[in-house]
1. For residue 57 paired with residue 73, estimate the spin-label separation in nm (one decimal), with each label point 7 Å from Cα along the Cα-to-Cβ line.
2. So how tilted is helix 225-245 from the main axis of the chain? Cα-based, degrees 0 to 90, rounded to 10.
3. Accessible area per residue for the chain in Å², computed with a 1.4 Å probe and the full protein assembly in place, what is it?
4. Can you give me the solvent accessible area of residue 180 with a 1.4 Å probe, rounded to the nearest 10 Å²?
5. Ignoring any ligand, DNA or RNA, what whole percent of the accessible area of the range 27-155 comes from carbon and sulfur when the probe is 1.4 angstrom?
6. Below 23 Å, Cα to Cα, which lysines can residue 148 reach? Residues fewer than 8 away in the same chain don't count.
7. Jot down the per residue volume, in cubic angstrom and as a whole number, of the convex hull over the alpha-carbon atoms of the range 37-143.
8. I want the local charge near residue 42. Using Cβ-Cβ distances under 14 Å, sum +1 for each Lys or Arg and -1 for each Asp or Glu among the other residues.
Amino acid sequence: MNYIIQSGLGSKNTILDTERSVSLALTTKNLSGISLQLSMTKDGIIVISCPSFLKTHPQISISDYTFQELRHYNLGNRVRKEEFLTLADLLKHFHNSSKTFIFTLTDQGERNTDFVSQVLEILSFYPQLSIYLKSSVKELVLAMKEKKTTAHVGADILDNGTYFWDLDLDFYCFVDPELYVSHCMKKIEEHRFMMVESTTEGSAVFMISQFSNYLNQIFLIFSNRDSFTSIYPVCQNMISSTERIE
């Protein structure tokens, strides 16, 4: 089973989606990796989005600002100042990590093709890293699928449609696994990976019970530290019980 944390591990003075929060997540024993969002600045720099900051500052759109303009904003607080982190700097700093990086590409409109090219160019310098790229935007998924990359390419599935399931992707990500049981089983038997976004205890238990023989192909993505802390022992106990029965 693979346990992933969204945006890193934060604390009072450790802001999510920053180098420090990523470092804390990647050095936490029971976590398999981290999930982050990517955006592109007005001048074409790939940065780690900071959803919590952008939510409280709705007037700011990363695509409307140059990277230097974005650096004027403090993502942190008075005690610890934090700036937007570039994808290049992130991977340069953690290039020796054995953990998994999951990156979600956000819609860049007319610049989607360039966005994918820029991301893949940066990733090409780090073929040793375990990287998964995903998006809910068809254009982005198709662009990633068509280009040569060592990263795994997948899709965020937000509805009951079969469009993404009909594509031969490396993995499929969703929130409510009970809606996609038959699709999941078919793809898992084809050695594809399944990811559960915003994992709850119910969705985690469901995945373990349904796919107990394929746990290495399952990724549970947790929204925050509290959900991971509460659900992780439930998962481990259930897995241990299953193994004893077998």
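1. Label-label distance for residue 57 and residue 73, simple model: 0.4 nm.
2. Taking the Cα atoms of the chain, the angle to 225-245 is about 30 degrees.
3. With all protein chains present, the chain gives 49 Å² per residue.
4. Result for residue 180: roughly 10 Å² accessible.
5. Answer for the range 27-155 is 48 percent, counting heavy atoms of protein chains only.
6. Filter leaves 92, 99, 134, 138, 187.
7. 115 Å³
8. -3
The values are calculated or read from the model by the stated rules, or taken from the named source; none is laboratory data. Not measured: the values here are computed from a predicted model. Reconstructed Cβ throughout: ideal geometry from the backbone, glycine too, with neighbour counts over all protein chains shown. Surface areas here come from the heavy atoms of the whole protein model, side chains and all, with no ligands, DNA or RNA. Shrake-Rupley method; radii C 1.70, N 1.55, O 1.52, S 1.80 Å.
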